[in-house]
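Reviewing the structure listed below.
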Amino acid sequence: MKEALFLLADLWMIFAGYFYGWRFIRRYGNYLLGLEWMVVATSGSNFLLWSLLGADSGSVLYDVAYFFDAFSRSVGITLILIMGLMKVTHRYKPSLGVDVGVFAVATAAGLFLRHFHGADLHADRAAFSVAVFYVVVNLLTAVFLGYFVKRLWDAGARWQAIWTGLVTAAGTTIAITYDFFPLSFDDANRTIFYTAALATWGTQGFVYFRAYRALHDHNAALDANPARATETLA
C-alpha cells in the first residue's frame, strides 16, 4: 500500500510538472517557471525509474536524483520561483541572458551541493551548513510567497490565496523535516516522507499555476479597464 501511494504521488508530481510547465511557457511565455516545473517533473521521472529498477544507491540514477534535488532546493524553487512570479507581481520581464544565467547558477549549485547528501549532519559541519542553507532559502521564499498571497487576496482571488498559503506552509514543513526531523515511524527508504514530499511538490506546481493565472488575469483586466481592479476573480 505504501509503495502504491508513493508511485501515485510521484506520478502526480511528474504530471503537474510537465503539464503546467508547458502551460506556463505556451500561455504566458514564462520560461523561468515553465522550465523549472519541467525540471521538477524530470526529477520525478528519474526518481520513479530509479525506484522501479531496484533503488540501487550505486546507480547513476541515484546521483542524478541528488543533482535534481539540490538544483531545485537551492535555486529552482527559491530564486527561480520568485523571479518567475515577479512577472505578475512586479511586471518583471527578464532577458534571455538572465533566464540562461539563473539556470546556469542552479546547475552549478546542483552539481556542487549534491555531494553533501547523505552525510552525517552531526559529524560533517559542511553538510550541516548545506542543510541549514536549504531551510533558510526556503523560508526566505516563503516570505515572498506570503506577499504573493496578499496580492492574490487584494485582487479578489481569495481561494487561490488560501490554497497558496496552505501549500506553501506544507512545502516549508517538508523542507524543515527533510534533513533535520526524520519520521521515527518511517522505513529505511523514508517511503512515507517521500510520498508526502512528492505529493506536496506536485500540488505546489498545480496551485502556484492557478494562482499565477488569477493574478495574470487580474492584471490584464486592470490594463483593459482600471475600474475593474477590485473585481473578484475567485
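Here, each number is a calculation from the coordinates, and none is a lab measurement. Since the model is a prediction, treat every value here as computed from it, not as a measurement. In this analysis, Cβ positions are derived from the backbone assuming ideal geometry, glycine residues included, and neighbour counts consider all displayed protein chains.
Could you work out the helix-only [θ] at 222 nm for the chain, with each DSSP H run of four or more residues adding -39,500 (n - 2.57) and the total divided by the number of residues, to the nearest 500 deg cm²/dmol? Can you show the working numbers first?
Numbers: 8 runs with 175 residues, N = 234.
So the helix-based figure for the chain works out to -26000 deg cm²/dmol.
The GNM of the chain, with springs linking C-alpha atoms under 10 angstrom apart, assigns the highest mean-square fluctuation among Ala16, Ala131, Ala70 to Ala131. Quick one: Cα centre-to-centre distance for segment 71-95 and segment 1-62, in angstrom? Spelled out, the Cα-based centre of one part sits 19 Å from the other. Here the spin labels are modelled as points 7 Å beyond Cα on the Cα-Cβ line, and at Arg27 and Met86 they lie 2.4 nm apart. For the chain, modelled as a GNM whose springs connect Cα atoms under 10 angstrom apart, the maximal fluctuation among Tyr28, Tyr208, Tyr18 occurs at Tyr28. For segment 130-147, the residues whose backbone nitrogen is under 18 Å from a point 7 Å from the Cα of His115, taken along Cα to Cβ, are 130-134.
Between Phe15 and Ser184, full extension at 0.36 nm per residue minus the direct alpha carbon distance yields a gain of 57.8 nm. Taking every full run of DSSP H in the chain, the ones that stretch at least 24 Å from end to end by Cα along their long axis and average 0.0 or higher on the Kyte-Doolittle scale are 2-28, 31-52, 96-113, 125-154, 158-180, 191-224.
Once the chain from Ala55 to Leu166 is taken as fully extended at 0.36 nm per residue, the excess over their C-alpha distance is 36.8 nm. FRET efficiency for the pair Asp223 and Val136, taken as 1/(1 + (r/R0)^6) with r the Cβ-Cβ distance and R0 = 35 Å, rounds to 0.45.
Shape class of segment 1-117 from the Cα gyration tensor (axes a ≥ b ≥ c, square roots of the eigenvalues): oblate, since a/c reaches 1.5 or more and a/b does not exceed b/c.
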